[in-house]
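Trainee: Before I ask anything, here is the structure I am working with.
The values are calculated or read from the model by the stated rules, or taken from the named source; none is laboratory data. On a predicted model such as this, the values are computed, not experimentally measured, just so you know. Every residue, glycine as well, gets a Cβ built from its backbone with ideal geometry; the counts of neighbours run over all protein chains shown. Calculation scope for accessible area: heavy atoms of the full protein, side chains included, ligands and nucleic acids excluded. Shrake-Rupley method; radii C 1.70, N 1.55, O 1.52, S 1.80 Å.
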Amino acid sequence: MILALAGGVGGAKLAHGLSMQLKPRDLLVVVNTGDDFTHLGLHISPDLDTVMYWLAGQNDAARGWGLADETWNFMAALERLGGPTWFNLGDRDLATHVERTQRLCAGDTLSAVTRYLCDRLRIEHAVAPMSDDKVRTIVHTDEGELEFQHYFVRRHCEPRVFRFAFENAEAASPSPAFDAALASASTDAIVICPSNPFLSIEPILKIAGVRERIAQSRAPVVAVSPIVAGDAIKGPAAKIMRELGREASALEVARHYRGLIDGIVIDALDAALKPQIEALGVKVAVTNTIMKSRSDQTLLARTAIEFAAALSNAVRA
Ligand code: FO1
């Protein structure tokens, strides 16, 4: 069984690749919910939405988030009424948020609602939130403290970042499926998807006990670098790294995850970094990590799975 940690579009793409390589019982995708927020009275879980839509094959490929063949009548009507239009909710996507909100209000957990939505979208592989407890990512910037979506979407990641806080993370418990996978002897590998290490993966690691349990896991832990040739494939990871005083490189990603990961998959464009990363005690696999097509997703997933298996055999040998 492979436990994948994901958030954002890069995470969803690799999760989709893993789902094409593995049987449903052999994959659990655990998703960041630090980006969740209440908007227009609706509970929005953007990273869960993105992973679900990719696994269901219903994602909008160009945007990365949201549904394909979307229409925007609701947003146009909202604008006419003078409502807030900085966060875009497509007409079809809206149904997900309404149904999720209704079920949460009726007392279901986020895990149960996610299972239900995945079922309805005919997703066979398991997807779970990192926690059923509320955790919120707050971005400390030169414009003050911003809730995540206000930083990311409303302010287009423009403010300069000083640090991130993950409200309530240390008091939150891993979701039941995540907890079981961390405890299970059947977890053969943990894959950290090429998601933003600071915004998408850190909130998951901050949940009570999670970082320690992953670091102590007997399963090999493999990360895929979201930084290629000094830049992020998508999103603000490189900008944030520079603002935090770090260089934007796959080497720095390996330094960031040092002590947690056994190996890292880096892009062929960064092959020259391999010796420096290995000097940190982190094994390196080099391949194409830019996922432009389904076959790129499958190949990267296969590389990550095979790399983890090789690391596991090396430990046993
Ligand atoms: N991202 C945007 O850049 N602009 C949007 O208006 C936007 C709306 C949105 C609605 C539902 C949803 O599930 C995701 C949405 N996203 C939007 C994506 C989301 O903000 C980010 O991809 C993640 O939070 C970062 O991982």
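Trainee: Where only protein heavy atoms count, and the probe is 1.4 Å, what is the accessible area per residue for the chain in Å²?
Mentor: 43 Å²
Trainee: While we're on this one: From the phi of every residue in segment 93-104, what ³J(HN,Hα) in whole Hz does the Karplus formula 6.51 cos²θ - 1.76 cosθ + 1.60 yield, where θ is phi - 60° and glycine or proline is x?
Mentor: Taking θ as phi minus 60°, the curve returns 4, 3, 4, 4, 5, 5, 5, 4, 4, 4, 5, 5 Hz for segment 93-104.
Trainee: In sequence order, what are the phi-derived ³J(HN,Hα) couplings for segment 75-82 according to the Karplus relation 6.51 cos²θ - 1.76 cosθ + 1.60 with θ = phi - 60°, rounded to whole Hz, with x for glycine and proline?
Mentor: Couplings: 5, 5, 5, 4, 4, 4, 8, x Hz.
Trainee: Which of THR289, THR71, THR187 moves the most in a Gaussian network model of the chain with Cα springs under 10 Å?
Mentor: Of THR289, THR71, THR187, the Gaussian network model singles out THR71 as fluctuating most.
Trainee: Could you identify which residue out of ARG122, ARG92, ARG80 has the top mean-square fluctuation in a GNM of the chain using Cα springs shorter than 10 Å?
Mentor: Fluctuation is largest for ARG80.
Trainee: Given a 10 angstrom Cα cut-off, can you work out which residue in ALA165, ALA12, ALA223 is the most mobile in a GNM of the chain?
Mentor: Looking only at ALA165, ALA12, ALA223, the largest GNM fluctuation is found for ALA165.
Trainee: Can I ask one more? With axes computed from alpha carbons, what is the tilt in degrees of helix 294-316 against the longest principal axis of the chain, rounded to the nearest 10 within 0 to 90?
Mentor: Long axis of 294-316 versus the principal axis of the chain: about 40 degrees.
Trainee: Same structure, new question: What's the carbon and sulfur percent of segment 165-317's accessible surface, probe 1.4 angstrom, rounded to a whole number?
Mentor: Within segment 165-317, the accessible surface is 51 percent carbon and sulfur.
Trainee: Counting only protein heavy atoms and using a 1.4 Å probe, what share of the accessible area of segment 26-143 belongs to carbon plus sulfur, as a whole percent?
Mentor: Result for segment 26-143: 48 percent of the exposed heavy-atom area is carbon or sulfur.
Trainee: Among the listed pairs LYS134/LYS292; LYS134/LYS239; LYS13/LYS239; LYS13/LYS283; LYS206/LYS292; LYS13/LYS206, give every one whose C-alpha distance is greater than 25 Å.
Mentor: LYS134/LYS292; LYS134/LYS239; LYS206/LYS292
Trainee: Report the Stokes-Einstein translational diffusion coefficient (µm² s⁻¹, integer) for segment 120-230, Rh taken as the Kirkwood radius over Cα pairs, at 25 °C with viscosity 0.890 mPa s.
Mentor: Here the translational diffusion coefficient equals 156 µm²/s.
Trainee: Under the Karplus relation 6.51 cos²θ - 1.76 cosθ + 1.60, θ = phi - 60°, what is the ordered set of whole-Hz ³J(HN,Hα) values for segment 265-272, x standing for Gly and Pro?
Mentor: Taking θ as phi minus 60°, the curve returns 9, 10, 6, 4, 5, 9, 3, 5 Hz for segment 265-272.
Trainee: 5 Å is the cut-off here: which amide hydrogens, built 1.01 Å from N in the peptide plane, fall below it relative to VAL265, excluding neighbours closer than 5 in sequence?
Mentor: Placed amide hydrogens put ALA223, VAL224, SER225, ALA285 under 5 Å from VAL265.
Trainee: Can you send over the solvent-accessible area of ASP69, 1.4 Å probe, protein chains only, in Å² to the nearest 10?
Mentor: Looks like 130 Å² after rounding.
Trainee: To continue, here is another question. Under 9 Å from the Cβ of ILE138, count the other residues' Cβ atoms, weight Lys and Arg +1, Asp and Glu -1, and hand me the total.
Mentor: -2
Trainee: Calculate for the chain the 222 nm mean residue ellipticity that helices alone would give, adding -39,500 (n - 2.57) per DSSP H run of length 4 or more and normalising by residue count, nearest 500 deg cm²/dmol.
Mentor: Result for the chain, helices only: -11000 deg cm²/dmol.
Trainee: How high is the relative contact order of segment 1-77, in percent, with contacts defined as C-alpha pairs under 8 Å that are six or more residues apart?
Mentor: 29 percent
Trainee: If you don't mind, another one. Under a 5 Å amide H to amide H cut-off, with H placed in plane at 1.01 Å, what residues pair with VAL127 once short-range neighbours are removed?
Mentor: Those qualifying (amide H under 5 Å, at least 5 residues apart or on another chain) are VAL29.
Trainee: Amide H to amide H, which residues 5 or more places from PHE37 or on other chains are under 5 Å from it, using H placed in the peptide plane?
Mentor: Placed amide hydrogens put ILE44 under 5 Å from PHE37.
Trainee: Any idea what log10 I(q)/I(0) is at q = 0.20 Å⁻¹ for segment 14-151, Debye with uniform C-alpha scatterers and no solvent?
Mentor: Calculated log10 I(q)/I(0) at the listed q: -1.31.
Trainee: Can you classify segment 166-317 as rounded, prolate or oblate using the Cα gyration tensor, where a ≥ b ≥ c are the square roots of its eigenvalues, rounded means a/c under 1.5, and otherwise it's prolate if a/b beats b/c and oblate if not?
Mentor: oblate
Trainee: Additional query: Subtract the Cα-Cα distance of ASN313 and ASP69 from 0.36 nm times their separation in residues, and report this length gain in nm to one decimal.
Mentor: 83.4 nm
Trainee: Against the empirical 2.2 N^0.38 Å scaling, what ratio does the C-alpha Rg of the chain come to?
Mentor: 0.95
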